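Inspection log for the structure reproduced underneath, given as structure tokens.
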Amino acid sequence: MKAGIWRRVGFPLTVALILFVFLFPIAWMLLGSFKTHVQIISLENILIFTPTLENYIAVFAKYNFLRYILNSLIIALGATALSLLIGLPAAYGIARSKMHVLGLVILIGRIIPGIAFIIPWYILFSRLHLIDTYLALILAHMLIVLPLVIWIMIPMFEAVPTELEEAGLIDGCSRNRVFVNLVLPITVPGIITASLLSIIFSWNNFLFSLVLSDRSTKPLPVAIFNFLSYNEVSWGPLMAAAAIITLPVMLIALVSQRYVVSGFASGAVKG
Amino acid sequence: MFYSSWFDRHFKWFYTAPAVLFMVVMMAFPILYTGRLSLYEWSMSSVMAPEWIGFDNYAELMKSGRFRNSVRVTLIYTFVSLFFQTVLGVAIALLFERNFKGKTAVKTLFLLPMVATPVAIALVWVMIYQPTFGIANHVLRSLGLTPLAWLNSPQQVLPSLIIIEVWQWTPMVALIVMAGLTTIPSDLYEAAYVDGATAWRRIRHITLPLLFPTIMVAVMFRLVDLLKQIDLIYATTQGGPNYASETLNMYGYTLGFQFFNMGLASAMIILFFILVLAMVAIVNWIKRRGEVEL
């Protein structure tokens, strides 16, 4: 009897409460993004108000956000593409040769604080006049994205049966052809996972972008501080900007949750 | 033909070389450079060359109260957050283990905090914590409690930040543990069920010991990210008020990119780096020992 009440009432209520807690700040951001400044700072009618689009209009018209969206996209896609280009063969090589030491070396990239690289990069990129270029930002973001690609793809390649490859090799295919025409098509789900996670991590990266970008390449997470540069914070536009920044990555997670979940959990279960 | 078969025999090296080379150039070289720079005094000036001062930067840090403070802040922030993320994450994973209607949808929505851009979501929390019109104090007032200063008070700033941290990353621990739960063979449960073990005893004696390695992997991931956390702190307090939330990473950034004291910043970063490695080694040791006992 007691168990029945828990199952029918207690359990759903607990799940609802957990969801409420974890979704509240996101909902609050969306609500705020449709409120005027006066509505935000007044504490009456928190939920009932006439929504306005003025914040979103301001974000694009006044703060030029299209530019920053484009910057973020170029950097995220560039870093992801280049990481796939060199990361896929590397993961395959590691998987087939059992060179897990190399995998470990690459994992170290995740452990070391980013700030340990950033002073030398800043000095080096300044000397090469690469500060505020997409190239510098893409290279920096690759340091986060490449280990991710390799780490996700190693178990995927390990799962491909070697018999298949051997059959291809006996038929006279070169290793490159086996890799490109036989192995890669089988591992497409893994490649999708790796790409989505790469895009999310690059899109969200802040520290590297903060140091290496400037006026012309500034991506969204750095640009959002434009709303804070004066004494008074423009809360409405700030919430609209936060929504614009977070919505693409949240949409990726919602639409392709299967891939994203397996990406976040991969390597974790294997240890 | 000969060439191509030679390539094929050694393809592992050709395939891995570009990625390994990239990592070495972007990682190993900068760390060595930072190590060298930590022995110099230099303000990034092109006129004044770096001046060799040996270990003076390290000596200065050891004497500095601000440095010791940032070590303390980093450790408190990391371990308190880690504790709550792990306990809550495991609890939620166990709660979500059973099948219920809408489970997939709930799990998907649960993903959102951790994919949301940290600096953007941190600024949303600044609005939530805002003392006069923030919803946090509004709730406190309507419950008849005293409103708090949250991020503006040296005493309350760390707990306030830890709440954000726990909110954002508990789902990650839960997710990893949920993935681990699927690997536990169900006949173990059935055996326990037949033996009449209560739910709590099943969790305590079967689930948790078998999950231990997975939980420790989640702990390791979180530990590393927590020690390095800077996005959240930069976006909310930049280390303030009164250095109460200045972690090592934040202090290093300030030394390097606000004061342009590159030598001192490098020394600090090297010490920070050693601290991170030491923490990872300790947790790894606990993980290994726990696994042997099973």
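Could you work out the helix-only [θ] at 222 nm for the protein assembly as shown, with each DSSP H run of four or more residues adding -39,500 (n - 2.57) and the total divided by the number of residues, to the nearest 500 deg cm²/dmol?
Values: 29 runs with 398 residues, N = 565.
Rounded to the nearest 500, it is -22500 deg cm²/dmol.
Given the options B:Leu61, B:Leu208, B:Leu145, which has the most mean-square fluctuation in a GNM of chain B, springs set between C-alpha atoms less than 10 angstrom apart?
B:Leu145
Add +1 for every Lys or Arg and -1 for every Asp or Glu among the other residues with Cβ under 10 Å from the Cβ of A:Arg96, and state the total. Write out the running numbers ahead of the final one.
Details: positive: A:Lys98, A:Arg175, B:Lys12; negative: A:Glu158, A:Glu165.
Combined, the nearby Lys, Arg, Asp and Glu give +1.
Quick one: of A:Lys35/A:Lys218; B:Lys107/B:Lys228; A:Lys35/B:Lys103; A:Lys218/B:Lys63, which pairs are farther than 31 Å apart, Cα to Cα? Mind showing how you got there, number by number?
On the way: A:Lys35/A:Lys218 27 Å; B:Lys107/B:Lys228 27 Å; A:Lys35/B:Lys103 33 Å; A:Lys218/B:Lys63 38 Å.
Too far apart for the 31 Å limit: A:Lys35/B:Lys103; A:Lys218/B:Lys63.
How do the peptides B:264-271, A:9-16 rank, highest first, by the average count of neighbouring beta carbon atoms within 10 Å per residue?
B:264-271, A:9-16
Fewest to most neighbouring Cβ within 10 Å: what's the order for A:Arg96, B:Arg201, A:Arg175?
Details: A:Arg96 19, B:Arg201 12, A:Arg175 23.
Final ranking by Cβ density, sparse to dense: B:Arg201, A:Arg96, A:Arg175.
How long are the semi-axes of the ellipsoid equivalent to the stretch A:63-265, from square roots of 5 times the Cα gyration tensor eigenvalues, in whole Å, largest first?
Details: eigenvalues 263, 75, 38 Å².
In descending order, the three semi-axes are 36, 19, 14 Å.
Between beta-carbons, use under 13 Å as the cut-off and find the net charge around A:Ile41, counting Lys and Arg +1, Asp and Glu -1.
Working: positive: A:Lys35; negative: A:Glu44, A:Glu232.
Net charge around A:Ile41: -1.
Just want to confirm a number: the relative contact order over chain B, from Cα pairs under 8 angstrom separated by 6+ residues, in percent.
Values: 299 pairs, mean separation 85.3, N = 294.
29 percent.
Please state the relative contact order of the stretch A:63-265 as a whole percent: Cα pairs under 8 Å, 6+ residues apart? Mind showing how you got there, number by number?
Details: 200 pairs, mean separation 64.4, N = 203.
In percent, rounded to a whole number, it is 32.
Quick check for me: using +1 on Lys/Arg Cβ and -1 on Asp/Glu Cβ, what's the dipole size of the stretch A:63-265 about its Cα centre, in debye to the nearest 20? Before the final figure, lay out the partial values.
Values: 10 positive and 8 negative charges, 51 e Å.
The dipole magnitude comes to about 240 debye.
Where the Cα atoms of the protein assembly as shown are projected onto their three principal axes, how long is each span, largest first, in whole Å?
80, 80, 49
Just to be sure I understand the rule: take each whole DSSP H helix in chain A, project its Cα atoms onto its long axis, keep it if the span is 30 Å or more and its mean Kyte-Doolittle hydropathy is at least -1.0. Which ones pass? Let's see the in-between values first.
Details: long enough: A:11-33 (33 Å, 2.21); A:65-97 (46 Å, 1.38); A:134-158 (34 Å, 2.15).
Answer set is A:11-33, A:65-97, A:134-158.
Tell me the relative contact order for the stretch B:149-294 as a rounded percent, counting alpha carbon contacts under 8 Å between residues six or more apart. Show your work: numbers first, answer last.
Details: 100 pairs, mean separation 37.8, N = 146.
Computed value for the stretch B:149-294: 26 percent relative contact order.
Among the helices of chain B (complete DSSP H runs), which have Cα atoms covering no less than 18 Å along the helix axis and a Kyte-Doolittle mean of at least -0.5? Please report the intermediate quantities before stating the final value.
Details: long enough: B:11-23 (19 Å, 1.04); B:65-95 (45 Å, 1.21); B:103-115 (19 Å, 1.19); B:157-181 (35 Å, 1.74); B:208-228 (29 Å, 1.68); B:262-293 (46 Å, 1.47).
Those that clear 18 Å and a mean of -0.5 are B:11-23, B:65-95, B:103-115, B:157-181, B:208-228, B:262-293.
Roughly how many debye, to the nearest 20, is the charge dipole of chain B about its Cα centre, given +1 on each Lys and Arg Cβ, -1 on each Asp and Glu Cβ, and no other charges? Write out the running numbers ahead of the final one.
Values: 20 positive and 15 negative charges, 108 e Å.
With Lys and Arg at +1 and Asp and Glu at -1, about 520 debye.
When you look at the Cβ of every residue in A:34-42, what mean number of other chain Cβ atoms sits within 10 Å? Don't skip to the end; give the middle numbers.
Values: counts 0, 0, 0, 0, 0, 0, 3, 4, 1.
Mean inter-chain Cβ contacts per residue within 10 Å come to 1.
Can you give the mean number of other chain Cβ atoms that lie within 10 Å of the Cβ atoms in peptide B:27-38?
4
Measure out, as a whole number of angstrom, how far apart the alpha-carbon centroids of the stretch B:89-135 and the stretch A:141-198 sit.
The two parts, judged by their Cα centres, are 33 Å apart.
Using amide H atoms built 1.01 Å from N in the peptide plane, name the residues 5+ places from B:Tyr40, or on other chains, whose amide H lies under 5 Å from its own.
Here the answer is B:Ile53, since their amide H atoms fall under 5 Å of that of B:Tyr40.
Quick one: B:Tyr129, B:Tyr58, fewest Cβ neighbours within 10 Å first, how do they rank? Please list the in-between numbers first.
Details: B:Tyr129 23, B:Tyr58 16.
Ordered from fewest to most neighbouring Cβ atoms within 10 Å, B:Tyr129, B:Tyr58 come out as B:Tyr58, B:Tyr129.
Just checking the output field for B:244-256: average partner chain Cβ neighbours within 10 Å of each residue's Cβ? Show your work: numbers first, answer last.
On the way: counts 0, 0, 0, 0, 2, 5, 1, 1, 5, 7, 0, 1, 5.
Taking all residues of B:244-256 together, the mean is 2.
Throughout, read-outs are computed from the coordinates displayed, never taken from laboratory work. The model shown is predicted, which means the values in this text are computed figures rather than measured ones. When we count neighbours, we look across all protein chains shown, and the Cβ atoms used for this are built from the backbone with ideal geometry, even at glycine.
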